[in-house]
């Protein structure tokens, strides 16, 4: 985490210097005094952001954008500041709040349009700005608009005939949207394209692993379990050097086995994943989510005693964690996890009692 923070700060410092230079030295600005003042405001805002005084940083950068023209020789400077400013406007996590912020959308649209006009449809800044805009639109349940933007970028990439990591990311994003809409066959098609791109890119180990796992999940959702087993097994083989990297496709492989009714294989695979998760000690909630998954497979396999024991453990862990303050953002809702556990605990307990009655006869 520390390394990530240092890298983020380094990137922002470099970006700050480049943006300040572009403001100061861009030709034909209104006059030198305006350029110098905007540059000073930008640098002061960047120092405020670095010091976590976001309100001040937002105010200073917003002042620049109110004064600076978004066309002509100033356009790219305007877009660079807009795309940075958007990151610090609330909500920080739009998917969690669902709260609309028209200013975020305006900045993203403006930056996207400027980059496309000044740098071209295939420029990485253009593709990134559009992707961020699509992400925001998804948070507002405007999936069709988001899909249209992403398809527009994909079409531009394909027209160029050059395969790139950017196109890979676009297929991944579109697959996520289609999955949320329960259009699983279409999502699978996008994930297959993503995998084909990953196989063609140089040094694509991480891309390949992610693609195989994504595609495996899509195959499971579309009930193509045999195909899921094939790609997830390949993903596990690729990530042999990483405990967490193996654990995630193992969990998904267990789901594929469960879908095929191969409960013994599902249980054994879940247990392997749990061993790796406990060993890595990197994500408590992923571990407890996998324990819940295993408990539900135990229930289907009529191993009710094991199911009840695990469910009790998961419920206790979830309630203890949910009561603590300053929790990190996890991948799923803790309250839903507790509800799911309670939902399955009652029938599991009833089945356990019934099996005990049968044995006592």
Cα gyration tensor of region 238-306, axes a ≥ b ≥ c as square roots of the eigenvalues: rounded (a/c below 1.5), prolate (a/b > b/c) or oblate? oblate
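Kindly state, as a whole number, the per residue volume in cubic angstrom of the convex hull around the alpha carbon atoms of region 187-292.
Working: hull volume 9.6 nm³, N = 106.
Dividing the Cα hull volume of region 187-292 by its residues yields 90 Å³.
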Taking N as the residue count of region 128-183, its alpha carbon Rg divided by 2.2 N^0.38 Å gives 1.08
Cα centroid distance between region 142-193 and region 32-74, in Å? 34
Two-decimal Rg/Rh of region 73-191 from alpha-carbon positions, Kirkwood Rh? 0.98
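Just to verify a number: FRET efficiency for residue 123 and residue 89, C-beta to C-beta distance, R0 = 25 Å, to 0.05?
Rounded to the nearest 0.05, the efficiency is 0.60.
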For residue 43 paired with residue 100, estimate the spin-label separation in nm (one decimal), with each label point 7 Å from Cα along the Cα-to-Cβ line. 4.0
First obtain the Kirkwood hydrodynamic radius of region 221-273 from its Cα pairs, then insert it into the Stokes-Einstein equation at 37 °C and 0.692 mPa s, and state the resulting D in µm² per second as a whole number. 304
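Give the peptides 306-314, 77-85 in descending order of average Cβ contacts within 10 Å, highest first. Before the final figure, lay out each step's value.
Values: 306-314: 20.1, 77-85: 23.0.
Highest to lowest by the protection proxy: 77-85, 306-314.
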Using packing as a proxy for protection, rank 268-281, 42-55 so that the peptide with the highest average count of other Cβ atoms within 10 Å comes first. 268-281, 42-55
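Values quoted throughout were computed directly from the atomic coordinates according to the rules given, and no laboratory measurement underlies them. Keep in mind that this is a model prediction, so the values were computed, not measured. Using ideal geometry, Cβ is built from the backbone for each residue, glycine included, and neighbour counts are taken over all protein chains shown.
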